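Nothing in this text is a laboratory measurement; each read-out follows from the coordinates by a stated rule. This is a predicted model, so every value here is computed, not measured. Reconstructed Cβ throughout: ideal geometry from the backbone, glycine too, with neighbour counts over all protein chains shown.
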Amino acid sequence: MLTAKLPFLGESPISVALKHLQENFEEPRIVNPHIPQSVENVVLKAMRKNPSERYNSAHEMLLDLETCLRSDRLKEPKITFSSVNDMEETRVMPAIRGDIQPAASKEREQLVSTNSDEMINEKEPAPKAKGWKKPLTVVGVTLVLLGLIIWGFIWLLGVLDVAEVDVPYVVGKTEAEARQMIEAKGLKVEDPIIHEHNKEVPKDQVLSQSKMNMRVKEGSLIQITVSDGPELEELGDYVGKALQTAIDELGALGITEDQIIVDPVFSEEAVDTIIQQSPKPGEQYNPESVEFNFMVSKGRETVPMPNLIGKRLDEAKDLIRANELTLDNADILYEPSYLHQKDFVISQDPYKPKDQVSKGAKVSIRVSSGPPADAKEHQFNITISPAEAGKTSEIRIVYSDARGENIEWDKRQITSTQTFPVTVIVAPDTEARVTVYRDNQFIDTKTITYEELLQGTNSSTLTIPGEGEEVQATDAPVQTEVTEGNDEPVEEEQQQQQQQP
C-alpha cells in the first residue's frame with residue numbers, strides 16, 4: 001500500500017512463496033522516498049524473516065503504528081537488527097530421498113508372488129525342475145503394475161494441467177462489472193459476496209479481492225468484498241422536543257452544529273420547541289453528509305405595546321384591537337383620580353409601553369372615574385389687560401391644586417383686556433392657587449380653600465389692570481364662553497366696555 005507495488009512477484013503462488021523464503025524485498029523508501037522513516041521502520045520490523053526480530057504481538061505493532069506519524073518520530077534513525085543476513089534464519093531443507101515405490105504395489109507384488117508359488121507347488125511336485133518360473137512371474141507382474149501406474153500418472157497430469165490466466169484487477173469497479181471481468185477470464189466469483197460498510201468507498205463498488213497481480217488456473221474462485229457505503233443511522237423523532245435536546249443527541253453521534261439548520265417561526269408552541277424536522281423520523285441518513293433542518297418555534301408573534309396612559313377609553317380600545325391584543329370588560333377597572341379626567345386611562349398592566357408583547361396577550365387598564373366624590377371644583381375668572389393699552393403683552397397662568405403644583409395652564413399674547421376661566425380641583429383640607437405672570441413678571445396670585453368651597457363659593461374673579469387702569473376685583477361670577485379644547489374665553493362686549501378706564 002505504501003509503494004503501490006507488491007514486495008514479491010512470481011509466475012505462480014509457489015514461486016512467490018519461494019521468494020518470500022529466499023529473497024529480500026525492496027525497502028519502501030527506495031521506491032517512495034516520501035515515506036517517513038518511522039513508517040518504514042514498522043514495515044522493516046514486521047517483515048523480518050527471523051521471528052525473534054518481528055513484533056511479539058499484533059497489539060505491540062498497533063502501538064507502534066499509532067505513534068509512527070507523530071512529529072517527533074517522523075525523522076527517527078533507520079532501524080537496525082542484530083542479525084545482518086536475514087537469509088540465515090530461513091533455510092531450505094534437503095529433499096528426502098529413498099524408495100518411492102507405492103506400498104500398494106509392494107503388497108500386490110508379494111500377493112502375486114505368494115499365489116504364484118502356491119500354484120507352482122500344487123501343479124509341480126518337483127520344485128527344482130520348475131524353479132525358473134517364479135522370478136519371471138514376479139518381474140512380469142511388477143512391470144505390468146508399473147506400466148499401469150505410469151499410465152495413470154500421465155492421465156492425471158493431463159487432467160490437472162489446466163491453463164493459467166491473469167487475475168483481473170477489479171477493485172473500484174461495481175459488483176456487476178467485477179463479476180463480468182472475472183468470468184471473462186474463465187474464473188468464478190466466490191459466493192456469497194462479502195459486503196462491508198465503508199464511508200470512503202461508494203456503495204456497490206469493490207473494496208478488495210482475494211487474489212490479484214498473479215496467474216491462476218482457469219476456473220479458480222475469486223472472493224470479492226463490496227462496499228455498502230457508509231453505515232447509516234436512523235433518525236429519531238424530535239418533534240415536540242427542545243432544540244437543545246436534538247443538538248445534544250445528534251452531537252453524541254458525531255453530528256456537528258454546522259450540519260444543523262434552524263428555521264425560527266412564530267408559533268403557539270413554547271420557545272425553542274421543534275415543530276418540524278427533515279429528514280423525517282425513522283429515515284436513515286449518512287452522518288458524514290447529512291444536513292438537518294429543524295423548524296423551531298420562537299413563540300407567538302410580538303408587537304410593541306402601545307402607550308395607553310392618558311388616552312380616552314375608546315381610543316385605548318382601538319389601539320389594543322389594532323395590535324391584535326385582548327381587552328376584556330372585566331379587565332377595565334375604574335377608580336377616582338385627581339390627575340386624569342373621567343374616562344381617560346390612568347395605568348396599564350402587565351406590560352409597559354414599548355414592551356414586546358405576544359399577539360393575543362391579555363391587557364388590563366385602569367380608567368379614571370373623575371375626581372373623588374368629596375373633591376370640589378372652583379373656577380378662577382382672571383381678567384387681565386396688557387401692560388400698556390394698545391400694545392401686546394404676554395401672559396402666563398400657573399395653578400396648583402389636588403392634581404399637582406405649579407401646573408402650566410397656558411401662555412398667550414393679548415392686546416386688549418380679556419378674561420380667562422381657570423378651573424381647579426380642591427381636595428379636603430387643602431387649597432388651590434392661581435398665579436399670573438405678565439411679560440415674564442409676577443403680577444398677582446389668588447387662593448381658595450376647601451372650607452371656603454364648602455360655603456358655596458364656586459367661582460371667584462382676579463382682575464389685573466394695565467397702566468393707568470383702576471378696576472376693582474370682585475368675587476362675582478363673570479359671564480364667559482369657553483371653546484372646547486383650548487379654554488379660550490369669548491368675552492361679552494358689555495363686559496369689555498365696563499373694564500375700560
Residue-ordered couplings for region 337-347, obtained by feeding phi - 60° into the Karplus form 6.51 cos²θ - 1.76 cosθ + 1.60 and rounding to whole Hz (Gly and Pro as x), are 7, 7, 7, 10, 6, 4, 6, 9, 6, 8, 8
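Grab the other residues whose beta carbon is less than 9 angstrom from that of Ile395, score K and R as +1, D and E as -1, and report the net. Display every interim value, and only then the final one.
Details: positive: Arg396, Lys411, Arg412, Arg438; negative: Glu394, Asp410, Asp439.
Neighbourhood net charge equals +1.
Calculate the FRET efficiency for Met1 and Thr80 from the Cβ-Cβ distance with a Förster distance of 35 Å, rounded to the nearest 0.05. Before the final figure, lay out each step's value.
Details: r = 24 Å, r/R0 = 0.70.
Computed FRET efficiency for Met1 and Thr80: 0.90.
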Quick note, region 164-227: a/c under 1.5 would make it rounded; otherwise a/b > b/c is prolate and the rest oblate (a ≥ b ≥ c, C-alpha gyration tensor); here it is prolate
Whole-Å distance linking the alpha carbon centroid of region 380-407 with that of region 50-71 is 105
For Lys411, the lysines lying under 26 Å Cα to Cα, once residues fewer than eight places off in the same chain are dropped, come out as Lys311, Lys342, Lys376, Lys391, Lys446
Net charge near Asp228 (other residues with Cβ under 13 Å of its Cβ; Lys, Arg +1; Asp, Glu -1) is -3
Answer check: region 13-89, Cα atoms, Kirkwood Rh, Rg/Rh ratio of 0.99
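I want the local charge near Arg179. Using Cβ-Cβ distances under 12 Å, sum +1 for each Lys or Arg and -1 for each Asp or Glu among the other residues. Spell out each step's value before the answer.
Working: positive: Lys173, Lys185, Lys188; negative: Glu175, Glu177, Glu183, Glu190, Asp191, Asp204.
After counting each charged neighbour, the total is -3.
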At the level of C-alpha centres, the distance separating region 181-257 and region 327-348, in angstrom, is 75
Amide H contacts under 5 Å for Met214, restricted to residues at least 5 apart in sequence or on another chain and with H modeled in the peptide plane, are Val167
Excluding residues fewer than 8 positions from Lys188 in its own chain, the lysines with Cα under 26 Å of it are Lys5, Lys173, Lys203, Lys211, Lys217
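Looking only at Cα atoms, what is the convex hull volume of region 408-451 per residue, in Å³?
Working: hull volume 4.0 nm³, N = 44.
Per-residue hull volume (Cα only) is 90 Å³.
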Residues meeting the amide H criterion for Leu325 (H placed from the backbone, H to H distance under 5 Å, 5 or more places apart or on another chain) are Gly360
Long-range amide H partners of Val357, meaning residues 5 or more apart or on another chain whose placed amide H is closer than 5 Å, are Val303, Met305
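Under the 0.36 nm per residue contour assumption, what length would be gained going from the current alpha-carbon distance of Ser289 and Asp429 to full extension? The partial results should precede the final answer.
Numbers: separation 140, 0.36 × 140 = 50.40 nm, distance 8.24 nm.
Result: 42.2 nm gained on full extension.
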